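Data first, discussion second: the structure below is written as structure tokens.
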Amino acid sequence: MTPLGESVENHIDRSTYLGRVEFESFDSIQKWAQTNEGYAIWFSPPYPNIYPVSKIIIQESSELEDNTKYIVNRAVVLDYDSEKILKLANLLQGVNFDNPETLRATPIFPTYEEFAEWFSELSKYTSQTKYISSGEDIIIKSETYARLSDIHHSVSILGEDRMYTEIYQRAQIQGLIGTNPGSCPTALKTAFNTVFDDSLQLNIGESKYVKNCGNCGTSIETTISKGYRCKVCGGEYKGC
């Protein structure tokens, strides 16, 4: 479900190779979470004209005292090529991928001990892990959802046709969601991007959404990290 209570499955593309592969991964994680607790790790290597950098979604599933499921998705962005993200994935105990597309299609469900060991290794490569360790990411998400809920209530009198347009416009102004048109629920997205947009994005200060190359003006329209190079002019993004 999205923060506004919509089913994410309704906005997932399944018409392309990438869309189909990612939907199968998404579906297997959904089914796992229904009956299991623990962690699911979903790696997304770069993909031509779609994903310029690597991303990881870490899903944590647990059961509360009232038997309701509590699920948190956390998103990590890394300026890694396919070879580097394969090496990072293979740090997980018992994992040995040699093909980035196999990795993309295969969510990993480690034990608590295996996850803790891998997470410790991940912290050597990125500072994004500190937001998980400190619990700051949960605070950020709770505050964001509360503010989205306030916006929802404030515009509910406008009627359904205008309500969601107004919600997204106000949320963008307040910085609660990105300016990427793909983040709007009216557009179909790949399964990974759908979950990514609804995840706690931990790369604070390390990456940002960029519409056009600041050097040559080429359309980029995705989240990029420090060190990203424009495929047309070779201009390098040096960070915020």
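Couple of notes before you dig in:
- As a calculated quantity, the FRET efficiency between Asp98 and Leu64 at R0 = 45 Å, using C-beta atoms, amounts to about 0.70.
- Neighbour-count order for Trp118, Trp32, Trp42, fewest beta carbons within 10 angstrom listed first: Trp32, Trp118, Trp42
- Along the axis of the charge dipole computed for segment 44-85 (Cβ charges of +1 for Lys and Arg, -1 for Asp and Glu, origin at the Cα centre), the listed residues Tyr80, Pro48, Tyr70 are led at the positive end by Pro48.
- The phi torsions of segment 59-75, fed into the Karplus equation with coefficients 6.51, -1.76 and 1.60 and a -60° offset, translate into couplings of 9, 10, 10, 9, 10, 7, 4, 8, 6, 8, 7, 10, 10, 10, 9, 10, 10 Hz, rounded to whole numbers, with Gly and Pro shown as x.
- Computed lengthening from Trp32 to Lys130, 0.36 nm per intervening residue step minus Cα-Cα distance: 32.6 nm
Each reported figure results from applying straightforward, stated rules to the coordinates on display, with no laboratory input. In this text the structure is predicted, and so the values were computed from the model without any measurement. Heads up, the Cβs are rebuilt from the backbone with ideal geometry, glycines too, and the neighbour counts pull from every protein chain shown.
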